[in-house]
Amino acid sequence: MSELSDPVLEGRLIALRHILCLLASGHAGADLLAALDTVVQDGQEDPGASAEDAVDAIAFAIRQAKADEERAFRNLLEIALQSGKG
């Protein structure tokens with residue numbers, strides 16, 4: 001498998017794979033929401049990471065994109081559950 005050149009796309013794909021794994025392992029509804037609560041972070045940069053280091057910057061971009069995608073999915077799931085459609 002070739003590496004992706006876009007860290008945002010790579011992070012989003014990792015998040016979607018993670019969500020699919022949660023679904024495949026039996027998480028659904030409020031249980032899925034709770035599982036996503038444990039993985040969605042604030043996306044704050046690690047104070048020990050050097051923003052000048054290209055590898056760290058790419059890794060941070062991937063982690064941030066993953067967190068953003070999981071947060072977006074979690075927010076939509078929460079809305080669906082509150083409206084009774086989940």
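A short reminder: the numbers here are calculations on the coordinates, not readings from a lab. These numbers were taken from a predicted model, which means no experiment stands behind them. Glycine gets a Cβ as well: all are built from the backbone with ideal geometry, and neighbour counts include every protein chain shown.
Table for the structure above
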quantity	calculated
Backbone HN-Hα couplings from phi across the range 77-84 [Karplus 6.51/-1.76/1.60, Hz, Gly and Pro as x]	4, 4, 4, 5, 5, 5, 8, x
Peptides 11-17, 25-31, 60-66 ordered by average Cβ neighbours within 10 Å, highest first	60-66, 11-17, 25-31
Net +/- balance of residues flanking Ala34 in space, Cβ distance below 14 Å, scoring K and R +1, D and E -1	-3
